[in-house]
1. Looking at segment 179-288, which trypsin sites (Lys or Arg not before Pro) are DSSP coil and have at most 12 other C-beta atoms within 10 Å of their C-beta?
2. Among the DSSP beta bridges whose two residues both lie in the chain, what percent are antiparallel, rounded to the nearest 5?
3. May I ask you to list the trypsin sites (Lys or Arg not before Pro) in segment 102-153 that are in a DSSP loop and have at most 13 other Cβ atoms within 10 Å of their Cβ?
4. Excluding residue 129 itself, calculate the net charge of residues whose Cβ lies under 9 Å from the Cβ of residue 129, where each Lys or Arg counts +1 and each Asp or Glu counts -1.
5. Let me know the Kirkwood hydrodynamic radius for segment 113-196, please, with Cα pairs as the basis and the value in Å to one decimal.
6. May I ask you to sort 220, 209, 227 by Cβ crowding, counting other Cβ atoms within 10 Å and putting the fewest first?
7. Calculate for the chain the 222 nm mean residue ellipticity that helices alone would give, adding -39,500 (n - 2.57) per DSSP H run of length 4 or more and normalising by residue count, nearest 500 deg cm²/dmol.
8. Under a straight-distance cross-link criterion of Cα-Cα below 24 Å, which lysines are reachable from residue 68, leaving out those fewer than 8 residues away in the same chain?
Amino acid sequence: MLRRHFLQALGPAMLYPSWMVPRALAQAADTHLAVRDFGARYGLRVTQMTERAILLAGEGRTLTFVPKTQQARWNSTLVWLLAPVSAWRGSWGLLQSDVQMVMDPLLRPSNHLRGVGHRVVALDPGHGGSDEGARGRVHGLKEKDLNLDVARRIRSKIANSGYRAVMTRETDRTMSLDERPRRARALGADLFVSIHFNAGPRTAEGVETFILTPRGFRTTDGGSVSTATYAAHRFNGANRVLGHAIQRRLRVSSQATDRGLRHARFSVLRGIQCPAALVEGGFLSHARTEGLLRDPAYRDRIAQGIADGINDYLRGVAAAARG
Ligand SMILES: [Zn+2]
């Protein structure tokens, strides 16, 4: 501890040769791109720029930023940036990493999908067996049962679209977190989607999709910066396209609050060897949502949204392969 305090007293600039500057510091030095220049690069025109909102549009597409926050809306779907849109050279700027790792995959998806597989979809119903996951406050619905029910519905919808879907578990059995990516790999997964339902404060509601946090950044819900590299970091761009496709369809099919495409370092997302996303299809701790989830027709709508998102992604991969 003493040593650490001593080094801190020297200040960060003196501590590290440039090749070993920790990512947190490298991030501070990362340059921004002015929002106008970003728009010009991608064929989007700035139609409004105030302290409250920046709107860009072009060719039927819309993009909104909220200055000083990490919130972006791409064609109405909420996408969390890695860093806030901040004051930059007398205007507003995006972190270069946000341009490259968040916006580019959304605006030019084909560039991020070449060479990615599109035959086998692995669905991972979260929890199971002795691990029940979240539990509804009013009716006692168990997350593990909902996850399995919704995953089965997604499987049949994907099969109807002509793709192959496999599941990491088919029954109510206990399964460790490391076993899930291993099982997906053994099944020849080209992409992996983990299905969950949430618990939180009583008023929390809505749907959200997570992808692995890029190296060197904080997760959307806070926490520390991690410089660890995981196999799934190879798929940063494809993860983004997949996660966005799912969130885009799910927010419409569920008619729930759009909590957005977020970053997390969940174990299944770290260990996977293919593009992956983890879906939270609603809050079991929210009384109205739990009531809706008791209805098979509503569960089917959740499943349809996720399946449609997966199908959109698969079509995107096939189109990128055709060039
Ligand atoms: Zn869960």
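1. On the way: sites: 182, 183, 185, 202, 215, 218, 234, 240, 248, 249, 251, 259, 262, 265, 270, 288; in loops: 202, 215, 218, 265.
Answer in residue order: 202.
2. Working: 28 of 50 bridges.
For the chain, the DSSP antiparallel bridge percentage is about 55.
3. Values: sites: 114, 119, 135, 137, 142, 144, 152, 153; in loops: 114, 119, 137.
Here the sparse-neighbourhood loop sites are 114, 119.
4. Numbers: positive: 144, 169, 173; negative: 131, 132, 172.
Charge balance near residue 129 sits at 0.
5. Values: mean 1/r = 0.0751 Å⁻¹.
The Cα-based Kirkwood calculation yields 13.3 Å.
6. On the way: 220 20, 209 27, 227 12.
Lowest to highest Cβ neighbour count: 227, 220, 209.
7. On the way: 11 runs with 115 residues, N = 323.
The per-residue figure over the chain is -10500 deg cm²/dmol.
8. Correct list for residue 68: empty, as no lysines qualify.
Quick note: the coordinates plus some simple rules give every number you see, no bench work behind them. Everything numeric here is computed off the predicted structure, so don't read it as measured data. No Cβ is skipped: glycine too gets one built from the backbone with ideal geometry, and neighbour counts run over all protein chains shown.
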